[in-house]
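A.B. asks: Starting off with a structure, shown below.
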Amino acid sequence: MLLVAMRNLICRPLRSTLTAAGLALAVAVMAGLSAFGEGYRRSLDSELSRMGMQMMLVPLGCPYDAAARVLKGRSLEHSLPEAAVLEARSDPAVAVAAPMLLASVPRPAQGRTDLWAGIDEAALQLKPWWDAKAGERWFTDDDSVILGAEAAEVEMRSPGDLLYSPEAGRSLRVVGVLARSGTSDDSLFFVSLRTAQQMFDSPGRITAVAIRLHDPEMLREASGRLQEARGAQVVTMTEMMGAFLNLVGSVRSLLVSVALVAVTASGLIVFNTLLGSVLEQTRDLAVMRAVGASRVQVFVLIGVQAGILTGIGGCGGLLLAALLGPLIEQIVRGMVPLAPSGTLLSLTAPVLARGLGLGLAVGLAAGVYPAWQASRVQPALAMRLE
Amino acid sequence: MQPVISALNLSKTYRRGTEQVHALASVSFEIGAGELVAVVGPSGSGKTTLLNLLGCMDVPTSGDLSIMGHPTRGLSERALTRLRRDQVGFVFQHFGLIPTLTVEENIRLPGLFSGKQVKHRAAELCTRVGLDHRRRHRPHELSGGEMQRVAIARALLNEPHLLLADEPTGNLDSVTGGSIISLLQELTAQGLTVVVVTHNDRLAESAARRLVLEDGRLAPSI
């Protein structure tokens, strides 16, 4: 049966290939979107977990924009008074309150923007996984700088090297290079909070305070209390995650709708191809019926053709999704408000199975009517259609 | 001895729009094992309708038909298919070969539907009809005579008791047609019952018996 079905498809190579390609494209889009949803959620979750905090104090304004910028190490237009740290630390629910001052320094000549982060010792409590690839994992004095892995590569610096800072008007000594973490830390230049405040002319100011609680169950009460801090607002990581997943989910829903149209169109292509094929094969099908094929066997024959087409289309689609994954990821990364550093497209086994399953379901559903039509071909037609 | 075909008052009426067409009217006959019977008559006399009924590809409007002692009246579609598959072989005027399959695969086709192991039988039939060297060829690479021999080999695959042929020499030149007639005679000599619908006088004359149809009625046997 498989052989006969294969031969029927092979003898019309262009039509079969185009049909399978149409289905492959639809499956690739669906699998890609599904993989994006999974990957984005997973990466965002992982990145937020690695931040080691449950909430953040940021200046007034859009809290999600502020939090997203801080998480990516980008500066804000407004700042908080350093007193906000003391206020946070005095709250009984707060275990760690780590202030940070972030600054973006454009380097038009080099075509990049340097991202500086001023931190104090509390940061190490939030990120115990911080590891120095070379040198120290903490500052030795106010003139020392620790580079993220990518920043060190771009600057071509290693521990002991000097790094001139036009902002500070002085040279800083690189005392350590961090191991790659897959987070925004990789591209940052870390200095002590004091140094950063001097460098960027922001004495007594900070960009945000990252907060870890003694007990995450106390999030609601602590958040309510800290909301009272002057000039500051609280944004929790759960809210952040929910807000971004909602936003990305909406975009994804729109894209899934478009993809569903593509899948439906590909189903119609399979339907049209098989129906055309049945009409072309009417004489052959009648001959098969005459030489002993039952209606069920003819139905199965066309069903197998549909299965082969959709199987090839489905597998091709998954391959396409895997090959085009990096490209899709690059495009998506520029479109979403907070793109985590990890892989956004997660082509896991369930995602692949869903993509293939959808392709097969659509293809086989599209094959039912043509197969039924084929099974109704009367054997007597073998005589009349000669 | 039980006849291979037993037809009693076989009638077939079609509806064409509002008009009733009596394709066959009360046709009765019996055909025994090993007979070569020619069904002759002018176009529209009901020859093909009769062949369809004998091959269980259609059901009579009235009358009784038995194939190898199996009454066909009231049989389900599935049972008719099984009877056709196990007892009847078909040869068509235009050969009815599947163009995408090779000679050997075409011969093996009925085996695909009967679920029998037919590889050796197909090879044996290929040799028997003299097409060993054409085994892997496609139908379009064969001559008319070769295609008809493939069709005959295919019809014989399931070892039927009855071979039905619709104008088996209709598309062949006289020499090739002659070889097909010889093959059919050879098969009847081996005990196979062959019923051919034909306009070919030579084939009709080679038959032991002729059923002459005129306007759906059977004329007295010749």
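Throughout, read-outs are computed from the coordinates displayed, never taken from laboratory work. Every value quoted in this text rests on a predicted model; they were computed, and no experiment measured them. Note: ideal-geometry Cβ built from the backbone for every residue, glycine included; neighbour counts use all protein chains shown.
A.B. asks: Looking only at A:308, A:331, A:119, which one moves most when chain A is put into a Gaussian network model with springs between Cα atoms under 10 Å?
C.D. replies: A:331
A.B. asks: For a test of the definition: using alpha carbon positions, the gyration tensor, and the 1.5 limit on a/c, classify chain A as rounded, prolate or oblate.
C.D. replies: On the way: a/c = 4.16, a/b = 2.85, b/c = 1.46.
Prolate is the answer for chain A, as a/c is 1.5 or above and a/b outweighs b/c.
A.B. asks: When only alpha-carbon atoms are used, what values of Rg and Dmax, in angstrom, describe the stretch B:144-222?
C.D. replies: Rg, Dmax (Cα atoms, Å): 12.8, 36.
A.B. asks: Related question: What is the distance, in nm, between label points placed 7 Å from the Cα along the Cα-to-Cβ direction at residue A:156 and at residue A:368?
C.D. replies: For the pair residue A:156/residue A:368, the computed spacing is 6.6 nm.
A.B. asks: Still on this structure, please answer the following. For residue A:174, what charge total do you get from the other residues with a beta carbon under 10 Å from its beta carbon, if Lys and Arg give +1 and Asp and Glu give -1?
C.D. replies: Local charge sum for residue A:174: -1.
A.B. asks: Fewest Cβ neighbours within 10 Å first, please rank B:126, A:62 accordingly.
C.D. replies: A:62, B:126
A.B. asks: Pull out the extension gain between residue A:2 and residue A:179, defined as 0.36 nm times the separation in residues minus the alpha carbon to alpha carbon distance; nm, one decimal.
C.D. replies: On the way: separation 177, 0.36 × 177 = 63.72 nm, distance 5.48 nm.
Length gained, residue A:2 through residue A:179: 58.2 nm.
A.B. asks: Which FRET efficiency, nearest 0.05, do residue A:110 and residue A:230 yield, Cβ-Cβ r, R0 51 Å?
C.D. replies: Numbers: r = 39 Å, r/R0 = 0.77.
E between residue A:110 and residue A:230, to the nearest 0.05, is 0.85.
A.B. asks: Could you please state, rounded to a whole Å, how far the C-alpha centre of the stretch A:277-310 is from the C-alpha centre of the stretch B:1-78?
C.D. replies: Spelled out, the Cα-based centre of one part sits 27 Å from the other.
A.B. asks: Helix A:13-50 versus the longest principal axis of chain A: what angle, 0 to 90°, nearest 10, using Cα atoms?
C.D. replies: Between the helix axis and the principal axis of chain A, the angle is about 20 degrees.
A.B. asks: Also: Please compute the length gained on full extension between residue A:378 and residue A:260, using 0.36 nm multiplied by the number of residues separating them and subtracting their Cα-Cα distance.
C.D. replies: Stretched out fully, the residue A:378 to residue A:260 stretch lengthens by 38.8 nm.
A.B. asks: Using Cα-Cα distances under 8 Å and only pairs 6 or more residues apart, what relative contact order does chain A have, in percent?
C.D. replies: It comes to 30 percent, rounded to a whole number.
A.B. asks: How much FRET efficiency would the formula 1/(1 + (r/R0)^6) give for residue B:217 and residue B:137, where r is the Cβ-Cβ distance and R0 is 35 Å, rounded to 0.05?
C.D. replies: With R0 = 35 Å, the Cβ-Cβ based efficiency is 0.20.
A.B. asks: Now, a different point. So if I take the centroid of the Cα atoms in the stretch B:100-142 and the same for the stretch A:189-247, what is the distance between those two points in Å?
C.D. replies: 80
A.B. asks: Mind jotting down the distance between the C-alpha centroids of the stretch B:194-217 and the stretch A:86-149, whole Å?
C.D. replies: Between the Cα centre of the stretch A:86-149 and that of the stretch B:194-217, the gap is 102 Å.
A.B. asks: Write down, largest first, the equivalent ellipsoid semi-axes of the stretch A:61-230 in whole Å, where each equals the square root of 5 times an eigenvalue of the alpha-carbon gyration tensor.
C.D. replies: Those come to 28, 17, 15 Å.
A.B. asks: Can you give the helix-only mean residue ellipticity at 222 nm for the protein assembly as shown, where every DSSP H stretch with n ≥ 4 adds -39500 (n - 2.57) and the sum goes over all residues, rounded to the nearest 500 deg cm²/dmol?
C.D. replies: Counting only the DSSP helices, I get -15500 deg cm²/dmol.
A.B. asks: Also, quick follow-up: Take the Cα of residue A:131, step 7 Å along the line toward its Cβ, and report every residue of the stretch A:181-213 whose backbone nitrogen sits under 11 Å from that point.
C.D. replies: Under 11 Å, as judged by backbone N against the label point of residue A:131, lie A:181 of the stretch A:181-213.
A.B. asks: Continuing with this model, one more query. If I take every Cα pair under 8 Å that is 6 or more residues apart in chain B, average their sequence separation and divide by the length, what percent do I get for the relative contact order?
C.D. replies: Once divided by the residue count of chain B, the mean separation gives 30 percent.
A.B. asks: Grab the Cα-Cα distance for residue B:202 and residue B:11, subtract it from 0.36 nm times how many residues apart they are, and report the gain in nm with one decimal.
C.D. replies: 65.9 nm
A.B. asks: Using R₀ = 41 Å, calculate the FRET efficiency as 1/(1 + (r/R₀)^6) where r is the Cβ-Cβ separation of residue B:26 and residue B:79; round to 0.05.
C.D. replies: On the way: r = 25 Å, r/R0 = 0.61.
E(calc), rounded to 0.05, equals 0.95.
A.B. asks: Across the residues of B:113-124, average count of Cβ atoms on other protein chains within 10 Å?
C.D. replies: Values: counts 10, 3, 1, 0, 0, 0, 0, 0, 0, 0, 0, 0.
Rounded to a whole number, the mean comes out at 1.
A.B. asks: Here's another thing I want to ask about it. In degrees from 0 to 90, rounded to the nearest 10, what is the angle of the helix A:237-280 Cα long axis to the longest principal axis of chain A?
C.D. replies: 20
A.B. asks: Kindly put B:119, A:127, A:133 in sequence by how many other C-beta atoms sit within 10 Å of each C-beta, fewest to most.
C.D. replies: Exposure proxy ranking, most exposed first: B:119, A:133, A:127.
A.B. asks: Provide, as a two-decimal number, the C-alpha radius of gyration of the stretch B:5-218 over 2.2 N^0.38 Å, N being how many residues it has.
C.D. replies: Compactness ratio reported: 1.01.
A.B. asks: Per residue of B:83-96, what is the mean number of Cβ atoms on other protein chains within 10 angstrom of that residue's Cβ? Can you show the working numbers first?
C.D. replies: Values: counts 1, 7, 6, 1, 0, 3, 3, 7, 0, 8, 2, 6, 2, 11.
Across the residues of B:83-96, the mean count of other-chain Cβ atoms within 10 Å is 4.
A.B. asks: Tell me, A:288, A:6 in order of fewest to most beta-carbon neighbours within 10 Å?
C.D. replies: Ascending Cβ contact count within 10 Å gives the list A:6, A:288.
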